[in-house]
Amino acid sequence: MSTKHEHELESELSLMEPRQYKVLLLNDDYTSMDFVVEILMNIFHKSYREAEAIMLEIHRREKGLCGIYTYEIAETKVMQVRKLAREQGYPLKATMEEA
Ligand code: TYC
C-alpha cells in the first residue's frame, strides 16, 4: 500500500476543515471604553478581565483580535458589532480577515 505525499494529505485536510477568520476591532477616538468591553463580553463571550485587556490592547495598538471563527459566524459577529455601535452612535469598526 502506497503512502500519501504530504501535499496530498494537506489538500485533503483543507477540504475537510473550514477556513477560519479572525475578527478584529479597530481603535477610534470616540467609542467609550465601557462599550467596547460590553461588546467583547456580549458578542465575543470574553470575561470582564479578558475584555478589559483586549480593549486596552486595541486602544494602545490600534487593533486587536477578538476571536477566530468560520466565515458565517465571523460575518455575523461583525454585523452585530456594527448594529450595536450604530444604535449607540459610536463609530466602532469591526473587520475580518482569513486566519
Ligand atoms: N480609544 C477609545 C477611547 O479612548 C477606546 C476604544 C478602545 C475605542 C477600543 C475603540 O476598539 C476600540 N475612548
*Distance in nm between pseudo-label sites at Glu72 and His59 (7 Å out along the Cβ direction from Cα)*: 3.7
_Separation between Cα centres of segment 25-52 and segment 62-99, rounded to whole Å_ = 11
*Segment Glu6-Arg86, extension gain: residue separation times 0.36 nm, minus the distance between their alpha carbons*: 24.0 nm
*Please arrange Ile39, Ile73, Ile68 by counting, for each residue, the other beta carbons lying within 10 Å of its beta carbon, fewest first.*
Ile68, Ile73, Ile39
*asked:* Placing one identical point scatterer on every Cα of segment 18-98 and ignoring solvent, what is log10 I(q)/I(0) from the Debye formula at q = 0.26 Å⁻¹?
replied: -1.35
_Lysine pairs in the chain with Cα distance under 12 Å, only those 8 or more apart or on different chains: how many are there?_
5
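Here, each number is a calculation from the coordinates, and none is a lab measurement. All figures in this text were calculated on a predicted structure; none of them were measured in a lab. Glycine also receives a Cβ, built like all others from the backbone with ideal geometry; neighbour counts cover every protein chain displayed.
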